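Student: I'd like to ask some things about the structure below.
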Amino acid sequence: TTANGTGTATSPSAGVSNAMLKANTAAAATATAVGETTNATSSSNSELMQETNTEENCLHETRAKYYKILKKTGSWKAYSSGVLRLYRNKENTNKRRMVLRNEAGRVQLNLGITDGMMFQKELNKKRAFIKFVAVQDQSKGVEKFMLQVKPDGLDGLYGALEDLAKP
């Protein structure tokens, strides 16, 4: 891990199925995210910023670390860890997203969850992962992502993601 908290990971395997890639490509192209505001708490650096989000319901919350595959090398690069939340818009229930915030409360990952999006779970000894493809930046197109969670939280997160991706 480097000084800014990033590093390159070569395991688990970088494979994301072609079927998953094709299914998520079409769905991810239409993903949009809804903004949110935050209110900082100043009592301690270890406390997360408290968010005020009146437009969405938080359906699941867990600690996670996210990785993205490097296209040049094919290896996974670790980006950030923090609290991952899954949201559904109250008025337009077709708008769903995942947001990962670091310890300072800053958004590190904000991805839309679309109809038919596919997720693949993987358990390696003491580590648990969920792999998927999504569009983070329209100019880069579809990219491969991976979330690392504690093994006891894998099924809960996977189930919540699958439920949100149902049309």
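The values are calculated or read from the model by the stated rules, or taken from the named source; none is laboratory data. Here the structure is a predicted model, which is why all the values come from computation and not from measurement. Every residue, glycine among them, receives a Cβ derived from its backbone with ideal geometry; neighbour counts consider all protein chains shown. All accessible areas refer to the heavy atoms of the entire protein, side chains included, with ligands and DNA or RNA removed. Shrake-Rupley method; radii C 1.70, N 1.55, O 1.52, S 1.80 Å.
Student: Tell me which of these Lys77 doesn't satisfy, since it passes every other one: (1) over 10 Å from the mean Cα position of the chain (by Cα); (2) closer than 25 Å to Thr54 by Cβ; (3) assigned to a strand (DSSP E or B).
Tutor: Checking Lys77 against (1) over 10 Å from the mean Cα position of the chain (by Cα); (2) closer than 25 Å to Thr54 by Cβ; (3) assigned to a strand (DSSP E or B), the one that fails is (2).
Student: When the residues of the range 100-111 are filtered to those that are open to solvent by less than 10 Å² (accessible area, probe 1.4 Å) and at pLDDT 95 or above, which remaining residue is nearest to Pro167 (Cα to Cα)?
Tutor: Initial filter on the range 100-111 (open to solvent by less than 10 Å² (accessible area, probe 1.4 Å)): 100, 105, 109, 111.
Checking the rest, the ones that are also at pLDDT 95 or above come to 100, 109, 111.
Values: Leu100: 23, Leu109: 23, Leu111: 17 Å.
Top of the filtered list is Leu111.
Student: State which residue is most open to solvent (accessible area, probe 1.4 Å) when the search covers only the range 128-143 and only residues that are of a type in the set (A, V, I, L, M, F, W, C) and closer than 16 Å to Gly74 by Cα.
Tutor: Filtering first and then ranking leaves Val142.
Student: For the range 144-154, name all the residues that are surrounded by fewer than 17 Cβ atoms within 10 Å (Cβ to Cβ) and either under 19 Å from Thr73 (Cα atoms) or free of Cβ contacts under 8 Å to residues at least 24 places away in the same chain (or both).
Tutor: Asp152
Student: Name the single residue that is farthest from Ala128 (Cα to Cα) among those in the range 80-101 being over 11 Å from the mean Cα position of the chain (by Cα) and touching a residue at least 60 places away in the same chain (Cβ under 8 Å). Can you show your working first?
Tutor: Applying the first criterion (over 11 Å from the mean Cα position of the chain (by Cα)) to the range 80-101 yields 87-96.
From what is left, the residues that are touching a residue at least 60 places away in the same chain (Cβ under 8 Å) are 88, 95-96.
Values: Arg88: 24, Lys95: 27, Arg96: 23 Å.
Of everything passing the filter in the range 80-101, Lys95 is farthest from Ala128 (Cα to Cα).
Student: Consider Gly116 carefully, then state whether it is within 15 Å of Asp163 (Cα to Cα) and either open to solvent by 60 Å² or more (accessible area, probe 1.4 Å) or in contact with a Pro (Cβ under 8 Å, 6 or more places away or on another chain) (or both).
Tutor: Spelling it out, Gly116 is indeed within 15 Å of Asp163 (Cα to Cα) and either open to solvent by 60 Å² or more (accessible area, probe 1.4 Å) or in contact with a Pro (Cβ under 8 Å, 6 or more places away or on another chain) (or both).
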